[in-house]
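S.K.: Pasting a structure below so you can have a look.
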Amino acid sequence: MTTLNRRTFAHLSTMSMLTAASRKLFGSIEAPSIFSQGGEMRVQGPNYIWEYSQAEDTVRLRDSQKRIIVDGKLQPAVIVAPAHDASGRLGTPGKVSGCHAERDRVTIEYEKVNGGARVSVTWRFDEHGIWLEPVMYETPTAEDVVSLHYFSEVNEAIHQPSLHSTYLVVPGISEGSSVSPIIRDYMHLNQSVWLGRGSFIPGLNQQWGLPLHYFCGFSIDSSAGLRNMYTKGRSEAFTCGLADLPSGDLFLNLYQGKCSPWIDYRSDLWKHVRGPGKLSLGATLLWSVAPDYYEAIATYYRSLREAGVIHVHQNSPRKTAVSLTPQFCTWGSQVDENKEQERLDEAFLNQTFQALKASGLKPGLFSIDDKWEGAYGNLEHSTTRLPHFEQFLDKLREEGYLVGLWAALMRCERPADIGLTEDNMLKRPDGTPYLAKNSGTTHYYILDFTQPAVATVLSDLVRKFIRRYKPDLFKFDFGYELPAASIAAPQDKRWTGELLMWKGLDIVIKAMREENPDLVVMYYQLSPLFLDYFDLHSTDDLFLAAGEYDLEANRRIYFSSLFGPLGIPTYGSSGYDWASAPSIWFDSAAVGTIGSLNDFREDEQGEANTPEFVAKYNGIAKTLRATNIFNIVPLGAIPEAPTFGAHAHSWARIEDGQLVLLAFRPPVPGDENLLASERIDPRFEDVVRSTVPVVVASRGRSSITRDGKLAIVPYGEDKITIRRELGERAKMISHYFGGTVTQDETLIQGGWLKVNAVARSAEGKPLEWIEVQIS
């Protein structure tokens, strides 16, 4: 049978190891060439053509085949409020007054903006990509900048987005699976969504993936008919993302099939971005082009690294080991048993721990979720609900578990508990402290850590927390609770917007790591600009994907897998039902580690754990790799599909150019695409033959085809065949739930190892994994 079909291997011919792609794209390419004539600008890059028309004030990005990827009106809209009338609004576009090119850049200037102001927009081109520099706004008027809108056009005196690609891709657009991140222009989704840290504002519920700080897109050409529309007619993709942080809130406005990134300053409220004078607005935006959006995001990340903006995450061996330790989290049991927030107590923790051990599940880390604190923000356990909390943590360690603790560091329920007052909290425009409310009944403030006194208190607080409770993993949460600039702001207005979260992290995470350099900090954001503060990506809470937790987790892993080359693995966790968990663990195997927040009694579907579920967890744990730096090739994605797009049917993990793990799902009968035309990457072709899903991983540093030790976890009973370049004999040790072990030996013949996977032992115990020793 053909075990790896076209869909499984779509785009592999262009998705080789990312470092190799970097050399191919930029290694010996000359700097982009700029051509200018009669108000028309054209920049020829290594894999793109950038064009600007002064007469139309339109910018257009084409791929190497001259297909349009994205285009739009260039002039940004600067919305201002007169200093004497904070409620007034002015956003009059100007006219192009100049367009000139230098060695590596193009600058377009506008005059008579908002009556008498001037705007200049500069694009810079180098071997790393296309850089759109901050917008310069020079005004002679006393006025406050309310917001900046890129690629804006005015229709009937209304500012509207103008940037158009046939498809937009916005990871993290929704916390649930009901809104796809792949959006066709015909859908006319009219919504402003967060690209930044997120907040409680009307609109889509967003949490996972934020701050994102980028968006993507591609276009199709159907002008000659629908024939080959999604092959020859599909353009390559772009990613547009931040290269630095703005002092405003970052959004993406979607309207009638077009979009506009925009930054909300609200200086009409806070008086911190005010003319007259020359103001630098916005941020540096980096544009990348690649064959599809997965690779375009990878190129965006890589270009930031090669330009020195970010760097690869370097861990100690201890930190890497903790990051990759399989976890169990109490949160699922808490919500199943109505023990969340103030109902979390000592009896529940003890009961859950005993149930975990009795189940046979073998995590290495036990994570305690909300609300072990007596009050949010004091980072001390409740002495009434959890009087023996520290003894419980000691017991976990004595029995060989690492400890994880959850906290929402931005919250402060009782300022006096930590020596602060309401004056040390974020304030509303009227000067009153901002007060938030969680899903329960608890109200709390948000700390203003831009105040030196608060920064000192917070640093001391987190140091004491680390010294006292000694967590191995810190589960950071709710960065999106920082309110939007339209709602509240810090005392020091230099740290508004996207900079506010950076300021808080720089205080607390640095202080924590000074106490414990090996502390692992976990969060669910996708921005490359915060990688210094996080060590492990989380797929976050899947509660809005009931009935399809595995599908939503697969999509989140698809995007987070791009952190692999930057040294950030992904924690796969699980949903709230047992049935979908094995599929989530399967998808998580290649990208980092696995977890469970499943209750050991009845879940939301009335199902409890079984030996079969537990066996899959324990087996997948044996396939996990031991490094935090890797490349992932997602197999079987369909870029244009809102449902199947940004999903992987199977996964290949590459380390040092070698295939070290393959999570392989065989084709579903009848699912093969008979129009297969793309070359199959020889590194993966026919490596594994199986009629059931299977994870095959090398346990050493060599590839699956050469390493002397393999781990195999089949999802069913089958004869699994693995291609081998080395070895003559193999010993197969089958490990079953409960500790039963059987052994078998076989010859490797004709370059193939054949492994007979038996689903159950003679006693009826389910198989966990097969250990293969090759000589």
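The values are calculated or read from the model by the stated rules, or taken from the named source; none is laboratory data. Predicted model, so just to flag it, every value in this text is computed and none were measured. Don't worry about glycine lacking a Cβ; one is built from the backbone with ideal geometry, like all the others, and counts go over all protein chains shown. Quick note on the areas: whole protein, heavy atoms, side chains included, nothing else; ligands and nucleic acids left out. Shrake-Rupley method; radii C 1.70, N 1.55, O 1.52, S 1.80 Å.
S.K.: To the nearest 10 Å², what's His443's accessible area with a 1.4 Å probe?
M.R.: 90
S.K.: Using Cα positions and a limit of under 26 Å, work out the lysines in reach of Lys719, with same-chain residues fewer than 8 apart set aside.
M.R.: Lys616, Lys622, Lys709, Lys731, Lys754, Lys765
S.K.: Tell me the label-point distance for the pair Arg343, Ser223, using the 7 Å Cα-to-Cβ offset, in nm and rounded to one decimal.
M.R.: Those two pseudo-labels are separated by 6.1 nm.
S.K.: Let me ask something else. Go through segment 303-315 residue by residue and turn each phi into a ³J(HN,Hα) via Karplus (6.51, -1.76, 1.60, θ = phi - 60°); whole Hz please, and just put x for glycine and proline.
M.R.: Going residue by residue, I get 5, 4, 5, 5, 7, x, 6, 10, 9, 5, 5, 9, 10 Hz, with x marking Gly and Pro.
S.K.: Still on this model: Compute the distance in nm between two label points, each set 7 Å from the Cα along the Cα-to-Cβ direction, one at Asp126 and one at Thr643.
M.R.: Label at Asp126, label at Thr643, 4.6 nm between them.
S.K.: Give me the dipole magnitude in Debye, nearest 20, for segment 64-143 about the Cα centre, with unit charges on the beta carbon: positive for Lys and Arg, negative for Asp and Glu.
M.R.: 340
S.K.: How much accessible area does Met136 have with a 1.4 Å probe, in Å² rounded to the nearest 10?
M.R.: The accessible area of Met136 comes to roughly 60 Å².
S.K.: Report Thr107's accessible area, 1.4 Å probe, all protein chains in place, as a number in Å² to the nearest 10.
M.R.: Approximately 10 Å² for this residue.
S.K.: Show me, for segment 393-398, the HN-Hα J-couplings you get by feeding each phi into the Karplus relation (A = 6.51, B = -1.76, C = 1.60, θ = phi - 60°), rounded to Hz, glycine and proline as x.
M.R.: 4, 4, 5, 4, 5, 4
S.K.: Leaving out ligands and nucleic acids, note down the accessible area per residue over the chain with a 1.4 angstrom probe, in whole Å².
M.R.: Working: 28540 Å² over 775 residues.
Per residue, the chain has an accessible area of 37 Å².
S.K.: OK, next. When the Karplus curve 6.51 cos²θ - 1.76 cosθ + 1.60 is applied with θ = phi - 60°, which whole-Hz ³J(HN,Hα) does each residue of segment 611-620 get, with x for Gly and Pro?
M.R.: x, 5, 5, 4, 4, 5, 4, 5, x, 4
S.K.: Let me ask another. Placing +1 at every Lys and Arg Cβ and -1 at every Asp and Glu Cβ, with all other atoms neutral, what dipole size does segment 509-555 have around its Cα centre, in debye to the nearest 20?
M.R.: The calculated dipole for segment 509-555 is roughly 140 debye.
S.K.: Divide by every residue of the chain the summed helix terms, -39500 (n - 2.57) for each DSSP H run of at least 4, and state the resulting mean residue ellipticity at 222 nm, rounded to the nearest 500 deg cm²/dmol.
M.R.: It comes out at -5000 deg cm²/dmol, rounded to the nearest 500.
S.K.: Right, something else. Of the accessible area of segment 506-577, with the probe set at 1.4 angstrom, what percent is carbon plus sulfur? Mind showing how you got there, number by number?
M.R.: Working: 710 of 1470 Å².
The value for segment 506-577 is 48 percent carbon and sulfur by accessible area.
S.K.: Could you order Glu481, Glu604 by accessible surface area, starting with the largest, using a probe radius of 1.4 Å?
M.R.: Glu604, Glu481
S.K.: By average Cβ neighbour count within 10 Å, what is the ranking of 155-165, 749-759 from highest down? Don't skip to the end; give the middle numbers.
M.R.: Details: 155-165: 16.9, 749-759: 15.2.
For the peptides 155-165, 749-759, the packing ranking is 155-165, 749-759.
S.K.: Right, something else. Taking 0.36 nm per residue of sequence separation and subtracting the Cα-Cα distance, how much length would be gained by fully extending the chain between Ser33 and Thr383, in nm to one decimal?
M.R.: Values: separation 350, 0.36 × 350 = 126.00 nm, distance 6.76 nm.
Taking 0.36 nm per residue and subtracting the Cα distance, the gain is 119.2 nm.
S.K.: Looking at segment 324-407 from every direction and averaging, what is the projected area of its Cα convex hull in nm²? List each step's numbers first, then the result.
M.R.: On the way: hull surface 21.1 nm².
Average projection, Cα convex hull of segment 324-407: 5.3 nm².
S.K.: Please report, as a whole percent, how much of the solvent-accessible surface of segment 347-424 comes from carbon and sulfur atoms (probe radius 1.4 Å). The partial results should precede the final answer.
M.R.: Values: 1350 of 2870 Å².
C and S atoms contribute 47 percent here.
S.K.: Still on this structure: Taking H as built 1.01 Å from N, whose amide H comes closer than 5 Å to the amide H of Tyr376, not counting residues under 5 places away?
M.R.: Long-range HN contacts for Tyr376: Glu413.
S.K.: Pop out the carbon and sulfur fraction of the accessible area of segment 233-273 as a percent, whole number, probe 1.4 Å.
M.R.: On the way: 410 of 940 Å².
Answer for segment 233-273 is 44 percent, counting heavy atoms of protein chains only.
S.K.: Roughly how many nanometres apart are two label points built 7 Å out from the Cα toward the Cβ at Ala55 and Asp430?
M.R.: 5.6
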